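This report concerns only the one structure given below.
The values are calculated or read from the model by the stated rules, or taken from the named source; none is laboratory data. This one's a predicted model, so the numbers in the text were calculated from it and none came from an experiment. Backbone-built Cβ (ideal geometry, glycine too); neighbour counts: all protein chains shown.
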Amino acid sequence: MGEAMREQDANIVFSLDIGTRSIIGVVGEVVDGKLHVLAIEKENHGQRSMLDGQIENIGQVARVAKSVIERLQKRTKIRLARVCVAAAGRALKSEAAAFSLELPAVQPITEDDISHLEAGAVSESEQVIMEQSDDQNDQYYMVGYTVTGYRIDGYPMSSIRDHSGKVLEAEVVATFLPRGVVDSLYAVVSKVGLEVASLTLEPIAALNAAIPADIRLLNLVLVDIGAGTSDIAICRDGSVVGYTMATIAGDEITELLMRTLLVDFETGEQLKMSLNQDRPVTYTDILGLSHDMDPKELQEIVAPSVSNLAQEIAQRVLDLNGRLPSAVFLAGGGCKLTGLREKVAEELKMDPNRVTTAGNHFQRNAYAEEYNLNDPEYATPLGIAISAGLGLINDSYVILLNGEPAKLFRSGSLIVRDLLMMNGYNYNDMMGRTGGNLSFTLNGERKFFRGGLPVPPVILLNGELAALTDTVHAGDHLQFVPAKPGEDAARTVADVLGPDFVGSVTINGAKVRANTAIHTGDDIWVDRKEPAPDPVPVPVPEQVPAAPAPVPATGDGGQIRVTLNGEKLMLFGKPGGEPYYLMDLLKFSDLDFQNLDKPVELRVNGEPGQFQEVIKDGDSVEIV
């Protein structure tokens with residue numbers, strides 16, 4: 001009988017690196033703050049079931065993953081149930097955007113103001129990415145962002161906390177991951193009967209393995225060169241500040257060899273792996289002819305592609321980092337390409353000694369008796385395991401969002417706003433959107449109606465009302481009901497002219513009925529017909545007329561007199577006896593509500609007023 005298998009306990013960490021060419025599995029045990037690697041297994045995909053790091057054939061990828069899992073279980077005698085995975089950087093999309101927020105007056109800037117400002121900028125980034133997408137229904141998860149600058153009333157600032165101002169601006173570079181990438185990863189894990197224990201990004205995982213936390217105060221770059229992608233992560237001041245990717249990677253080299261030497265993909269891969277050896281390479285082309293080639297000849301063939309890869313990496317690093325970094329670490333199987341390290345240093349105009357292969361720091365967090373963990377190809381699979389096992393990523397614990405485990409990507413502290421944006425919610429979900437305004441001209445006079453106010457969101461953190469800036473912790477339960485947008489302003493001809501209107505109406509030159517809806521930009525002209533006068537009542541002989549009673553503030557035919565901004569104004573009674581509200585006087589104020597550069601002040605008889613406040617005969621109103 002075989003040896004009994006033990007269950008995967010809390011100290012056992014299992015990671016799968018699902019790459020373009022292969023799947024690598026790592027099983028380790030956390031011992032005294034380090035990951036003791038027990039087993040590593042690798043298996044290539046039998047067919048092109050992955051494209052540039054993205055899962056294309058879920059069933060085929062699941063079969064390879066199952067084979068890796070079975071071999072790991074056989075070697076470790078551990079029944080694996082929970083797996084740590086990472087999403088490929090191939091689909092990462094980064095975009096710069098800006099957002100401005102106008103406060104009611106010059107006032108101290110609060111944490112909530114900063115949160116609203118940054119959330120708005122991130123949502124602007126997402127909007128740009130969605131507009132560039134071929135499918136407008138795509139949904140994206142925010143995985144991180146960097147604030148590149150603030151302004152207060154037009155003045156550049158590095159930080160705006162505790163300052164005072166009125167108009168705030170923020171510029172960010174935000175990074176998003178399409179929902180399909182994450183969903184396909186979860187689908188593979190589900191097919192092999194496992195549970196996702198943690199989810200991170202491949203560039204973050206590789207960085208956690210290659211660059212220890214205590215040297216991240218320096219501005220360092222990790223470039224993980226796989227078969228389909230070259231993922232890039234940047235850290236400085238102690239934290240990861242950006243992610244991007246280069247579209248050129250190891251497969252570009254393989255495909256160049258295929259075209260040049262007329263070989264199939266597998267032979268091209270084998271030739272690529274032979275670039276560094278010192279003896280002739282023998283291969284057979286697709287015509288069945290056998291060839292011997294010196295590795296130096298192979299190196300000359302791939303040199304243009306190596307140069308292109310180095311140029312692409314250097315440009316991406318400079319674009320995201322904004323300046324030369326302190327050092328660059330190259331990881332992944334592709335980093336072993338002859339001459340790549342030197343070429344990257346050349347393109348960056350850096351000292352070649354400051355561009356190195358990753359691996360020297362792996363032993364800080366992991367060790368093994370059987371494996372050489374300094375191999376840069378282990379950066380991502382080892383990084384996934386280290387990140388989860390040693391608690392280097394938020395997603396090594398669970399936060400429930402509306403009853404389901406939330407998707408978490410970033411390192412460091414996490415607030416409600418960040419959590420929501422990582423799970424597909426945007427600025428309008430959190431802040432609400434005012435309904436669309438309605439603006440048109442009536443007999444040459446501009447008319448304007450504001451849209452309705454939004455219904456604010458409901459945020460409950462562990463059953464208590466919470467703010468977007470509240471911090472979330474492991475085990476927290478967050479309930480979120482998105483804000484509802486305000487209703488768009490809507491009016492018909494009858495709404496504007498009143499039910500007693502008699503005459504003809506044209507909109508944009510066409511004659512219309514009273515129930516016709518008005519749209520922004522409409523040009524309305526009205527030709528009124530005066531109704532026939534009421535008959536003059538004949539007084540009863542010898543009857544003394546009664547003294548006139550005061551005119552009511554409301555009622556058919558009634559009128560009230562008010563003072564608006566120091567000028568006398570007579571308001572005729574509304575049909576049906578409805579009262580006048582303060583908001584009814586806005587149209588008499590001569591303010592252009594579309595182009596305001598200051599807040600509007602409302603006062604009634606010297607006291608602050610409200611839009612819905614009833615106006616009475618003799619009131620003095622200020623709208624300034």
Identity of the residue in the range 439-458, hydrophobic (A, V, I, L, M, F, W, C) and either surrounded by fewer than 16 Cβ atoms within 10 Å (Cβ to Cβ) or touching a Gly at 6+ places or on another chain (Cβ under 7 Å) (or both), that ends up nearest to residue 589 (Cα to Cα): 440
Residues (within 36 Å of the chain's Cα centre (by Cα) and among the polar types (S, T, N, Q)) located in the range 54-83: 54, 57, 60, 67
Residue 233 being small (Gly, Ala, Ser), in contact with a Ser or Thr (Cβ under 6 Å, 6 or more places away or on another chain) and crowded, with 24+ Cβ neighbours inside 10 Å: no
Residue ID - nearest to the chain's Cα centre (by Cα), chosen from residues in the range 511-530 that are within 24 Å of residue 435 (Cβ to Cβ) and exposed (fewer than 13 other Cβ atoms within 10 Å of the Cβ): 521
Count of residues meeting criterion [surrounded by 16 or more Cβ atoms within 10 Å (Cβ to Cβ) and either among the small types (Gly, Ala, Ser) or assigned to a loop (DSSP other than H, G, I, E, B) (or both)] in the range 471-481: 2
Cβ-Cβ under 6 Å pairs, at least 6 apart or on other chains, the range 3-25 side assigned to a strand (DSSP E or B), far side of a type in the set (Ser, Thr, Tyr): 17/380
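Yes/no matrix, rows are residues, columns are (1) over 21 Å from residue 201 (Cα atoms); (2) modelled with pLDDT of 90 or more; (3) in contact with a Gly (Cβ under 6 Å, 6 or more places away or on another chain); (4) surrounded by 23 or more Cβ atoms within 10 Å (Cβ to Cβ):
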position	(1), (2), (3), (4)
304	yes, no, no, no
311	yes, yes, no, no
326	yes, yes, no, no
338	yes, no, no, no
349	yes, yes, no, no
356	yes, no, no, no
375	no, no, no, no
Matching option when the condition is at pLDDT 90 or above, touching a Lys or Arg at 6+ places or on another chain (Cβ under 9 Å) and surrounded by fewer than 20 Cβ atoms within 10 Å (Cβ to Cβ), among 34, 74, 66: 66
Unmet requirement for residue 298, which otherwise passes all of (1) surrounded by fewer than 19 Cβ atoms within 10 Å (Cβ to Cβ); (2) touching a strand residue (DSSP E or B) at 6+ places or on another chain (Cβ under 8 Å); (3) not small (Gly, Ala, Ser): (1)
Search result, residues across the range 210-247 that are of a type in the set (S, T, N, Q), at pLDDT 85 or above and in contact with a Leu (Cβ under 7 Å, 6 or more places away or on another chain): none
Unique residue being in a helix (DSSP H, G or I), closer than 25 Å to residue 138 by Cβ and at pLDDT below 90 when the list is 408, 468, 419: 419
Any strands (runs of 3 or more DSSP E) falling wholly within the range 157-250 and containing at least 3 residues that are touching a residue at least 24 places away in the same chain (Cβ under 8 Å) and within 17 Å of residue 318 (Cα to Cα): 164-178, 220-225, 230-236, 239-246
Answer from 311, 363 - the residue that is within 24 Å of residue 216 (Cβ to Cβ) and in a helix (DSSP H, G or I): 363
Some residue of the range 248-262 being among the acidic types (Asp, Glu), loosely packed, with under 13 Cβ neighbours inside 10 Å, at pLDDT below 80 and within 42 Å of the chain's Cα centre (by Cα): no
